[in-house]
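In what follows, a structure is listed as C-alpha cells, so that the remarks can point back to it.
The values are calculated or read from the model by the stated rules, or taken from the named source; none is laboratory data. Just so we're clear, the structure is a prediction, and the values are computed from it rather than from any experiment. Virtual Cβ from ideal backbone geometry, glycine too; neighbours counted across all protein chains shown. What goes into the accessible areas is simple: the full protein's heavy atoms, side chains included, and nothing from ligands, DNA or RNA. Shrake-Rupley method; radii C 1.70, N 1.55, O 1.52, S 1.80 Å.
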Amino acid sequence: MSLRHAALGLLTMGPASGYDLLQTFHGSLANVWPATQSQLYGELGKLADAGLVTVTEEGARRRKEYALTEAGLAELRHWMTDVEPSVIRRSDLLLRVFFLGVIDYDQGLDFLRKREEAAVEYETGLRATEEAIAPETADLAVYGRIALEWGLRFTEMQREWAVWAQEELTKAKKA
C-alpha cells in the first residue's frame, strides 16, 4: 500500500511524469521505499483509475504527466494520520543468524562479514544521496533529510552489530 502513498506524496510537490517520479524514487526514496519502473507505472495507472491523480499532459512516446487530485491529497492525509504504520517483524537475515550453528565457523564468519560490508556499501550510497539533496527543494531537504538520517543511523547499527556478532562467534569457537 505504501507505493501508492509514496507516489501521492511525491505529487504534492507538483505534477510529474512517471519518469520524473522514478528518478526521485531512485534519488531520495530508495532507502525508504524502493520501486521499480513497472511497479511505479502500474501504480500510477491504478491511481488514475481511482481518481486520486489525473493525467494533465500527454507527450511524445506516451509520456504522461500526473497531478494530484483533491481526493488523492485527502487519501494521503488519511493514510498519514489515521492508518497505523506497519512494523515488519520478519527478517530473513535474522532467521539465518539464528541458525548459523548449522554451518561451519568460517562460513558463519563470512556471512557476518558480508553483512558488515553490505552496511558499509549501503551507507556510501546514502551519503551520496545526502550530498545530492538540493537546498532549494525545501520539503525534500527537511523531511527527506530526516528519513535519510534514520537510514544512516540504522545502517551504522547494522554495521556495528555485524562486527559485534563476528566477535561473539569467535568467542564461542574458542570456548
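Got a number for residues in segment 1-28 being open to solvent by less than 20 Å² (accessible area, probe 1.4 Å) and among the aromatic types (Phe, Trp, Tyr)?
Residues that pass the stated criteria total 1.
Give Val87, Val53, Val102 a once-over and let me know the one that is among the β-branched types (Val, Ile, Thr) and touching a residue at least 40 places away in the same chain (Cβ under 8 Å).
From the options Val87, Val53, Val102, the qualifying one is Val53.
Looking at (1) outside any helix (DSSP H, G or I); (2) of a type outside the set (S, T, N, Q); (3) under 14 Å from the mean Cα position of the chain (by Cα), which is the one condition that is false for Met13?
The number of the failed condition is (3).
How do the pairs read when you match residues in segment 1-26 that are touching a residue at least 60 places away in the same chain (Cβ under 8 Å) with residues anywhere that are assigned to a loop (DSSP other than H, G, I, E, B), using Cβ under 7 Å and keeping only pairs 6 or more apart or on different chains?
So the pair list comes out as Leu8/Leu52.
Being in contact (Cβ under 8 Å) with a residue 40 or more places away in the chain and not polar (S, T, N, Q) narrows it down to one of Gly45, Gly72, so name that one.
It is Gly72.
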